Amino acid sequence: MKTFSRGGVHPPENKLSATTGIQALPPPQSVKIPLSQHLGVPAKPAVNKGDMVRVGQIIASGDGFVSSNIHSSVSGKVLKIDNELDPTGYKRPCIVIEVSGDDWMETIDQSTKLVKETNSEPESIISKIREAGIVGLGGATFPSHVKLSVPRGKKAEYLIVNGVECEPFLTADHALMLEKGEEIMVGTQILKKALKVKKALIGIENNKQDAIRHMADLARNYDGIEVFALKVKYPQGGEKQLIKALLDMEVPSGGLPVDVGAVAFNVGTVFAVYEAVQKNKPLFERVVTVTGTSVRNPSNFRARIGTPISALIEASGGMPEDTGKILLGGPMMGKAVGDIAIPVIKGTSGILLMPGIESKRRKIQPCIRCAKCITVCPMGLEPYLLMPLSEKSMFDRLEENKVLDCIECGSCSYICPASRPLLDYIRLGKANVSKLIRTRKSQ
Amino acid sequence: MSTVVIYTIITLITLGAFAAMVLYFVAQKFKVFEDPRIDEVEAALPGANCGGCGFAGCRNFAEALVRSEDFADLFCPVGGNETMAGVAKILGREPATQDPLVAVLRCNGACEFRPKTNNYDGTATCTIESALYGGDTGCQYGCLGHGDCVEVCQFDALHMDPVTGLPVVDDAKCTACGACVRACPRNLFELRKRQKKDRKIYVACMNEDKGGLARKYCAVACTGCTLCFKVCPFEAITMGTNLAFIDSEKCRLCRKCVPVCPTNAIIETGFPPRKEQVQTESSSVPSAESTDNTAEPAGDKDISKNLKKEE
C-alpha cells in the first residue's frame, strides 16, 4: 500500500462520528460572516446595513486575483458590518445578518437530482468556480480558481483528489464521500476538464474501508479516475505528502504542486465545485464534524457559513461539562478558541471539544537532543534547531534552514518527549521570515 | 648535557626572532587603518550595548559617530545629553541635544479591572500568545502579562507586579533605550518626554474598540468620550480611533484632564496629593488620587462603584 516516505506520526484515530452520516442544520437566528475566510486579500462588502439579502446572494466580492467572493448563507436583513470576533481570535470585519425565513435565490437548483453532463468550456468552469467563491475546504482556504489557473510554462498532468482526512477525530470528508460519492465523481470530471488533464487520482486512507470500496465502485463508471487506498499515517492529507504518496514525486522547496504536474483538491472542494457548476449553488455551507470523547452525539453537520459554533455544539448534545478546550479543526492542527460565539467559516472542518484532562499542556522541559522531531518531520526540517533560532530572532538563519517549507502539521510538537512548543515558535519564525522577505521584495 | 640546553636556547631564540620579523612585516603590510577616535568615542559611551541608538552595540555606534558630519539622527538615549556632549568634545563638533525620555506602559488593565474570559495555557510569551489569538481577556489590545518586556530590559527597570499582572517601569533606572517598545507585540510602550520630578500624565489604554465594548471588558478602558480632549487648554490631547492620546511635548501637566475621565483611564504619577477643594468640585466623577507609585491604579474603590452603576 502506498504512503509518503519521510517522517510522519501515528496519533490515535478516534473517528467517533464516522458512521453517523450528515445532518442538515437549520439556519440559526443570526449569522456573522467574516470578510476574510480565505488566503489572500479580504473581500469587499457589496451590501449595506439594512439591506435585505437572500440565500446565495453575493454580499462581498473578492478584491483582486488571490481573493474570493462571499455569499450570504441565509436570508434576512444585514444588521451591521462591524468588527467581530472571528476564528483568528481577533476582531475582524464581519457582516452580521439577522435571519428571517429561508429564501433562496431562484438561480440555485435545489433539487438533489444528479446532473452528470457538463457542456461548459474550461474557462467558463473556472469563472463559475470563481463566482461561487470556492476555496480549498481542507483547511488552507486557498482560492480554487487561482489553483486552476495554471501558470504559463507549466502543465498539469494529474488531478489529485484528497480524501485522506488524516487528522484524528474529523470525519467530514469521510461522511461526504459516503453520501455524495457520485457528485464527487462528477466534480472530479469537471475539474479534469477545467485543468485539461486525463488522469485523476483519489487518495483515501485505509481506515475508511467503506469509503474506499464505495468510491472505487463508482470510479469504474467514470473515465480516468482511479481510487487508491493509502497506509494510515499523519500528515498524509498534506498536499505535498499526498503527491509523494500517489505519484512518488517531490514538490521542490518553495515550489507548487503544479511544478511536478499535479493539482490537488480536497473532496469537500470537489463537491462544492459540482454544486457550483451543475447546480449554480455558491459556497455558503459546508460539512463540519462536531466531536470529542465526551460529546454526547458526535456528528457531522451541514452548516451554513456564519453559524455560531455554539449552535453546532448544542445540536450535538450540548457542551460536555468537563470541556477544557474548544478546537476549530482536529487535535493536530486545530486552533483553540476562547469564545463559542465565533462563526463557522469556509475553512472550519471540525469542532473538537477536548475534556480538561486531555487538553492540559505538559511542563516544558529542556531539549534532550533525541532528534525525534527530525525523524517525524515530513518536510525533512530540523525543528529542534528552528525553535531556538526563532526564539532568538535569528531570522536569516531560519530562512537558510528552510523554515518556510514547514507545513505546520504539528508532528514535532506531538512527538517531543520534553513537550517543547516547537510549532509555536516555528510559526512565529515563519511569520517573521515572510515579513522580511516581503520587505526585501518591496525595496 | 649543558650543550644540549645551550643549543636548544639558541635555536628557540633564532626561531623566535625570525617569527617576530615575519609577523612585524606582515603587520606592516596588511595594516588596517582605524581612526583612533573610534576608541576614544567608544570609551566615552556607556558601554551597555543595548542597541537603543539603532546600532549593533556601542562600537558600531562609535564608528557611525566618527563618520557622521553633524550627528543627524544619532543619539545615545542611555547616556543622554551628557554623553553626547562628551562625544562632541572628542570629535570637535556641535553636541546634539535631546530631551530625556522615559518609557510608560499604556495599559492599566489589571486583573481586577479586566477579568479573564478564557484561560491561556500555551507558551508563556507575549509574542506567541498574540500570534495565536486576541488574548485571555475580552480586550485584544491590552497587556498579556507574560513579561517579554521584562526579559529584554537590560537596565533592570521593568518588573512584573504580581498583583496587577502588569509590568512596572522604574523611572530612575529607565534609560529609554526602547528595547521594551520593540519587544511588546501589542505596542503598549511609549517613550515620553521626562518631566520635572518624573511627573507623568498619560492615557493608559490602547483599546480601539468602541466605547461600550471597551468598557464591557475593562473597567479602566479609554472609551473615546472626548471629555479630556475638550477640557485640555493646551491642545495636547488628540483623538485617535476611539482613543485619546496626550502629547508629552505639549502637555503642561495642568492635571485638568485627569478628574474628567469617567473611567480613570488617564493616569497621573509623581504629583503631590490634590487639595480637598478639587475633590469636592468633581464629586460626580471618581477622582484620581495621585500616588507616587505608577502601578497603583488611581481610586480603585471608585471604579468598582462605577462598575456597579453600569450593570
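The values are calculated or read from the model by the stated rules, or taken from the named source; none is laboratory data. Please read all numbers here as calculations on a predicted model, not as lab measurements. Because the Cβ atoms are built from the backbone with ideal geometry, glycine has one as well, and the counts that use them run over all protein chains shown. Calculation scope for accessible area: heavy atoms of the full protein, side chains included, ligands and nucleic acids excluded. Shrake-Rupley method; radii C 1.70, N 1.55, O 1.52, S 1.80 Å.
Structure values in brief
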{"quantity": "Cβ-Cβ FRET estimate between A:Lys441 and A:Val41, R0 fixed at 22 Å, reported to 0.05", "calculated": "0.85"}
{"quantity": "Accessible-area ranking of A:Ser442, A:Ser67, largest first, probe 1.4 Å", "calculated": "A:Ser442, A:Ser67"}
{"quantity": "Chain A, relative contact order in percent, only Cα pairs under 8 angstrom and at least six apart counted", "calculated": "19 percent"}
{"quantity": "Solvent-accessible area lost in complex, 40 Å² minimum, residues of the range A:83-106 relative to chain alone, 1.4 Å", "calculated": "A:Tyr90, A:Lys91"}
{"quantity": "About the Cα centre, charge dipole magnitude for the range A:122-279 (Lys/Arg +1, Asp/Glu -1 at Cβ), debye", "calculated": "500 debye"}
{"quantity": "Antiparallel DSSP beta bridges within the range A:122-279, as percent of all bridges there, nearest 5", "calculated": "5 percent"}
{"quantity": "Of B:Pro272, B:Ser130, A:Ser120, farthest towards positive along the dipole that unit charges on Lys, Arg, Asp, Glu beta carbons give the protein assembly as shown", "calculated": "A:Ser120"}
{"quantity": "Inter-site label distance for A:Glu321 and B:Met21 at 7 Å from Cα along Cβ, in nm", "calculated": "9.6 nm"}
{"quantity": "Rounded FRET efficiency, nearest 0.05, which uses the C-beta distance separating B:Lys196 from A:Ser310 and R0 of 60 Å", "calculated": "0.65"}
{"quantity": "Computed magnitude of the charge dipole of the range B:36-91 (debye, nearest 20; Cβ of K, R +1, Cβ of D, E -1)", "calculated": "80 debye"}
{"quantity": "Prolate/oblate/rounded label for the protein assembly as shown (Cα gyration tensor, a/c 1.5)", "calculated": "oblate"}
{"quantity": "Mean separation of Cα contacts under 8 Å (6+ apart) over length of the range B:36-91, as relative contact order %", "calculated": "41 percent"}
{"quantity": "Debye log10 I(q)/I(0) at q = 0.08 Å⁻¹ for chain B, Cα point scatterers", "calculated": "-0.49"}
{"quantity": "Value of [θ]222 nm, deg cm²/dmol, for chain B, DSSP H segments ≥ 4, -39500 (n - 2.57) each, nearest 500", "calculated": "-10000 deg cm²/dmol"}
{"quantity": "Rounded accessible area of A:Leu404 (nearest 10 Å², 1.4 Å probe)", "calculated": "80 Å²"}
{"quantity": "Stretch gain in nm, segment A:Glu400-A:Arg152, where the contour uses 0.36 nm per residue and the Cα spacing is subtracted", "calculated": "86.4 nm"}
{"quantity": "Farthest toward positive dipole pole in chain A [+1 Lys/Arg, -1 Asp/Glu at C-beta], among A:Gln236, A:Tyr384, A:Ala276", "calculated": "A:Tyr384"}
{"quantity": "P(r) weight above 19 Å for the range A:372-442, C-alpha pairs, percent", "calculated": "26 percent"}
{"quantity": "Chain A: antiparallel DSSP beta bridges as a percent of all, rounded to 5", "calculated": "60 percent"}
{"quantity": "Stokes-Einstein diffusion coefficient of chain A, Kirkwood radius over Cα pairs, 10 °C, 1.306 mPa s, in µm²/s", "calculated": "71 µm²/s"}
{"quantity": "Cα-based shape type of the range B:127-195, given that a ≥ b ≥ c are square roots of the gyration tensor eigenvalues and the cut on a/c is 1.5", "calculated": "prolate"}
{"quantity": "Folded to 0 to 90 degrees: helix B:58-67 orientation relative to chain B principal axis, Cα", "calculated": "80 degrees"}
{"quantity": "For the protein assembly as shown, accessible area per residue (1.4 Å probe, heavy atoms of protein chains only), Å²", "calculated": "47 Å²"}
{"quantity": "Estimated FRET transfer efficiency (A:Glu358, B:Asn81; beta-carbon r; R0 60 Å; 0.05)", "calculated": "0.50"}
{"quantity": "Accessible surface, 1.4 Å probe, highest first, among residues A:Arg152, B:Arg59", "calculated": "A:Arg152, B:Arg59"}
{"quantity": "Extension gain (nm, one decimal) between A:Asp259 and A:Lys80, 0.36 nm per residue minus Cα-Cα", "calculated": "60.1 nm"}
{"quantity": "Magnitude of the charge dipole, chain A, Cβ model with Lys/Arg +1 and Asp/Glu -1, debye to 20", "calculated": "1120 debye"}
{"quantity": "Accessible-area composition of chain B, carbon plus sulfur, in percent [1.4 Å probe]", "calculated": "57 percent"}
{"quantity": "Cα gyration tensor of the range B:36-91 - equivalent ellipsoid semi-axes, whole Å, descending", "calculated": "14, 12, 11"}
{"quantity": "With DNA, RNA and ligands ignored, accessible area of A:Glu98 (1.4 Å probe; Å², nearest 10)", "calculated": "90 Å²"}
{"quantity": "Label-point separation, B:Ser68 to A:Lys113 (7 Å along Cα→Cβ), nm", "calculated": "7.9 nm"}
{"quantity": "The range A:298-443, accessible surface, carbon-and-sulfur percent (1.4 angstrom probe)", "calculated": "54 percent"}
{"quantity": "Area of A:Ser5 that stays accessible when all protein chains are in place (1.4 Å probe, Å², to 10)", "calculated": "80 Å²"}
{"quantity": "Pair B:Phe30, A:Arg369: separation of 7 Å Cα→Cβ label points (nm)", "calculated": "3.3 nm"}
{"quantity": "Loop GluC sites (Glu not before Pro), the range B:52-82, which have at most 15 other Cβ atoms in a 10 Å radius of their Cβ (DSSP)", "calculated": "B:Glu69"}
{"quantity": "C-alpha long axis of helix B:2-29 to longest principal axis of chain B, angle in °", "calculated": "60 degrees"}
{"quantity": "Solitary cysteines of chain A, where the nearest other Cys Cβ is not under 4.7 Å", "calculated": "A:Cys94, A:Cys166, A:Cys367, A:Cys370, A:Cys377, A:Cys406, A:Cys409, A:Cys416"}
{"quantity": "Listed residues A:Asp103, B:Asp35 arranged by accessible area, highest first, probe 1.4 Å", "calculated": "A:Asp103, B:Asp35"}
